[in-house]
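The values are calculated or read from the model by the stated rules, or taken from the named source; none is laboratory data. Computed from a prediction, not measured in an experiment: that's the story for all the values here. Glycine gets a Cβ as well: all are built from the backbone with ideal geometry, and neighbour counts include every protein chain shown.
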C-alpha cells in the first residue's frame, strides 16, 4: 500500500461539513452515518474520502473502502485504527457488523463470525473474550439448577412487575429449570443493577430459577441496537440476528430447549422480535412458548403502565401491578433518583 498517498484523519463529530462528507461516502454502500458514534476515522486521497470506519461503544461499524482501491490494505488500516482507539478507551473485546458477503475478509483480521441474518448483516467479534467464554460463565452461575428440561426468558423489567413474575413462574412450573437473562444494556430508566436485583428478589421463591446478565450477547448494543431505535429493515435484521445468535450459540451449550415470551400487543419492535423467535428458534430445536399477558382490574400488567402511574403518583395502582419486593424498592429513598428520572421522561424503555 502506498501510505504516503493517503491522509488519515479523525472526524470531528461536531463539524457538519466533515460528517456530511462521511455520510455521503457511506451512502454509496447503503450504510448510514447515524448517532450515537464515539469516534470516526477517514482516509483521504486529496480531499476525497476513500475509506472510513466508526466506533460506537464496543461496536466497529460503517467500515467502507472505495471500490477502485480495494485490495490495497485500507480495510486493515481502518480496522487497526478503530481497534487501537478501542484499546485507548479500555475496550479489549469488540464486535463488528458487515454485509454477509464481506464477512470472510475480516477473518484474516482476527475476527470470528458468531451469527448472521441473511441478506442483511453478519456479526463478528474480536479481541479478548468470546461467546464461548460467556456461556462458560453462565454455566458456572446456573450450576445449582436441576438437570432436565430447561427453559429461558429474556427480560428487561423496567421495573419488575407481577406480569414478569407470572411468566417466569409458569416457565418454572412447566420445566425442570429456568434461566432468566436480564438485558444488561443501561438504556432503561431503571439501571441494570436495580433491574437484576428486583428480578432476583421477585423470583427468590422459585428454587429452580437462576437470574443472570444478558451481557453482550442478548439484546445489547452489540447484537440488537434496533431494540432501542426504529426502522423497519433495521428491526428485521436485528431481531433475526439476535434470535439466530441465541438459538445457535447460546441455547445448545446451556441446554435450553424452550423460550418463553409474553404476548406483545403494543410495541412493534418487541412484536417483531417475537415473530423472529417463533420462526428461527424451532429450527434449532428450541420451542417458543407465547403466554398471554397477566392482567389486574381489567388492565394488562406492564412496566410502561407502572412508569405512567409513577408519573401521576398512583401508588395504589402501582401496588396492584408489582410484587412486594418491587414496591418496597419504589417506596425507598434509594429509588429517589430513578423516580425523578421517570417523571422527567416519556421514554418507552
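Scanning region 174-188 turns up no residue that is at pLDDT 95 or above and within 18 Å of residue 321 (Cα to Cα).
Looking at residue 42, is it touching a strand residue (DSSP E or B) at 6+ places or on another chain (Cβ under 9 Å), surrounded by 20 or more Cβ atoms within 10 Å (Cβ to Cβ) and not assigned by TED's automatic domain parsing to the domain that holds residue 185? Talk me through it step by step, then tell me what you get.
Numbers: touching a strand residue (DSSP E or B) at 6+ places or on another chain (Cβ under 9 Å): yes; surrounded by 20 or more Cβ atoms within 10 Å (Cβ to Cβ): yes; not assigned by TED's automatic domain parsing to the domain that holds residue 185: yes.
Judged against the criteria, residue 42 is a match.
Of the residues making up region 276-295, one or more are exposed (fewer than 15 other Cβ atoms within 10 Å of the Cβ) and more than 25 Å from the chain's Cα centre (by Cα). Within the set 293, 307, the sole residue that is modelled with pLDDT of 95 or more and either touching a helix residue (DSSP H, G or I) at 6+ places or on another chain (Cβ under 8 Å) or not assigned by TED's automatic domain parsing to the domain that holds residue 164 (or both) turns out to be 307. Selection of region 80-95 for residues being over 10 Å from residue 59 (Cα atoms), touching a strand residue (DSSP E or B) at 6+ places or on another chain (Cβ under 6 Å) and either surrounded by fewer than 17 Cβ atoms within 10 Å (Cβ to Cβ) or at pLDDT below 95 (or both) yields only 92.
Yes/no matrix, rows are residues, columns are (1) in contact (Cβ under 8 Å) with a residue 24 or more places away in the chain; (2) under 28 Å from residue 115 (Cβ atoms):
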residue: 279; (1), (2): yes, yes
residue: 282; (1), (2): no, yes
residue: 285; (1), (2): yes, yes
residue: 297; (1), (2): no, no
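On the given criteria, is residue 166 touching a helix residue (DSSP H, G or I) at 6+ places or on another chain (Cβ under 6 Å), within 18 Å of residue 263 (Cβ to Cβ) and in contact (Cβ under 8 Å) with a residue 40 or more places away in the chain? No, not satisfied.
Of the residues 189, 250, 206, 241, the single one that is crowded, with 20+ Cβ neighbours inside 10 Å, over 26 Å from residue 128 (Cβ atoms) and either touching a residue at least 40 places away in the same chain (Cβ under 8 Å) or touching a helix residue (DSSP H, G or I) at 6+ places or on another chain (Cβ under 6 Å) (or both) is 189.
Results for (1) modelled with pLDDT under 95; (2) in contact with a strand residue (DSSP E or B) (Cβ under 7 Å, 6 or more places away or on another chain), shown as yes or no for each residue.
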residue: 239; (1), (2): yes, no
residue: 252; (1), (2): no, no
residue: 273; (1), (2): yes, no
residue: 278; (1), (2): no, yes
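Residues in region 116-161 that are without any contact (Cβ under 8 Å) to a residue 40 or more places away in the chain, in a strand (DSSP E or B) and over 27 Å from residue 84 (Cα atoms): there are none. Exactly one residue among 221, 226 is farther than 20 Å from residue 141 by Cα, assigned by TED's automatic domain parsing to the domain that holds residue 152, at pLDDT below 85 and part of a loop (DSSP other than H, G, I, E, B), and that residue is 221.
Select, from 143, 152, 103, the only residue that is assigned by TED's automatic domain parsing to the domain that holds residue 235, over 20 Å from the mean Cα position of the chain (by Cα) and at negative phi. Step by step, each of 143, 152, 103 is checked, and only 143 is assigned by TED's automatic domain parsing to the domain that holds residue 235, over 20 Å from the mean Cα position of the chain (by Cα) and at negative phi.
Can residue 234 be described as part of a helix (DSSP H, G or I), surrounded by fewer than 22 Cβ atoms within 10 Å (Cβ to Cβ), modelled with pLDDT under 95 and not assigned by TED's automatic domain parsing to the domain that holds residue 86?
On the way: part of a helix (DSSP H, G or I): yes; surrounded by fewer than 22 Cβ atoms within 10 Å (Cβ to Cβ): yes; modelled with pLDDT under 95: yes; not assigned by TED's automatic domain parsing to the domain that holds residue 86: yes.
Yes: the conditions hold for residue 234.
All of 145, 167 fail the test of being closer than 21 Å to residue 282 by Cα and modelled with pLDDT of 95 or more, apart from 167.
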